[in-house]
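Structure first, then comments.
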Amino acid sequence: MLKIGDFSKLSRISIRMLRHYDEIGLLVPASIDEFTSYRYYSEAQLPIANRITALKDMGFSLASVAEIMKSYEDPKALTQYLLLKQSEIREQAEETHRRLLLLETTIQRLRKDGIAMNYNVTQKELPERYVASVRRVIPAYEQEGMLWGILMEETAPLNLQDGDPCYTLAIFHDREHKESNVDVEVQKSVKGSYKNTENVVFKTVPPIQIASATYKGSYEKINEVNEAVANWVRDNGYEFNGLSFCIYHVSPHETQNPDELVTEVCYPVKKK
């Protein structure tokens, strides 16, 4: 079973919204502690949460999501819903472009018999690193690039030497998935010793045990990867033990093609 904060991070749904889903009967916790009223969710509910998020991102209202969820396992019925929505949003402009992309991706998967992608999860230790770091509260996860811009601009005169290996990663400091004003830290492994700048802090990061899965392609796939990691943690007797982060093996700095991105989704873990 997962605490509501852990389920929030894995599903990328805020605690506030999870409580709302509970109130309207769309996604009810697997159990509620009768003494503390704490909500607990099961790993088996992550696919349901991902479906709700996908349908919401396509522009369906929560009332429509509730209706569609009744026939979600019927590919033909679901395809009809999606195609109707696709025709509707084709008349809209740039604001709806992302929703169209999600619809087209979902339709393609349904036409391939709904076969889900598999992700290999591994447990390993990320070694001690000396890093250049920038941490700020930014408007949204999608604006993480502003932190990398600060890091690169302020360290350019320092002629930084890349670490070996050179990890570039983002750590998410909030205890839940948030819709705005997110606390994010970016880090780059470096060699040598440097003085802090106005916004860049140099520090040594201790080793950490993680469960991680690496995937290629758009960041839209991260929900599926989170599901794979959650199932691995459950099946192998581990529990979550710290802040999640992503290692960017091929980032938007190297390519503008989302299909070429390579990202490692990491969760600190420990044995139960």
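Every number in this text was worked out from the coordinates using simple rules, so none of it is lab data. Note that the structure is predicted; figures quoted are calculated from it, not measured. All Cβ positions, glycine included, derive from the backbone under ideal geometry; neighbour counts span all protein chains shown.
All other residues whose Cβ lies under 11 angstrom from that of Gln209 are scored, Lys and Arg at +1 and Asp and Glu at -1, for a net of +2.
Placing pseudo-labels 7 Å out from each Cα toward the beta carbon at Asp74 and Arg16 gives an inter-label distance of 3.6 nm.
Dividing the summed helix terms, -39500 (n - 2.57) for each DSSP H run of n ≥ 4, by the number of residues in the chain produces a 222 nm estimate of -10500 deg cm²/dmol to the nearest 500.
Across every pair of non-identical alpha carbons in segment 118-272, the mean reciprocal distance, once inverted, gives a Kirkwood radius of 16.3 Å.
Taking the chain as a Gaussian network of alpha-carbon nodes connected by springs under 10 Å, the highest mean-square fluctuation of the residues Ser212, Ser244, Ser193 belongs to Ser193. Our note on the geometry: Cα centres of segment 149-214 and segment 244-272, 13 Å apart. Label zone (Thr214, point 7 Å along Cα-to-C-beta; backbone nitrogen cut-off 16 Å) within segment 256-272: 260-267. Stretching Met1 away from Glu260 to a fully extended chain increases their span by 89.8 nm, per 0.36 nm per residue minus the current alpha-carbon distance. In straight-distance terms, cross-link reach from Lys216 covers every one of the lysines whose alpha-carbon lies under 25 Å from its own, apart from those fewer than eight places away in the same chain; here that gives Lys9, Lys56, Lys112, Lys124, Lys178, Lys188.
Put a dot 7 Å past the Cα of Asn118, heading toward its Cβ, do the same for Lys270, and the two dots end up 3.3 nm apart.
For the pair Leu100 and Asp164 in one chain, pulling the backbone fully straight at 0.36 nm per residue adds 19.0 nm over the alpha carbon distance.
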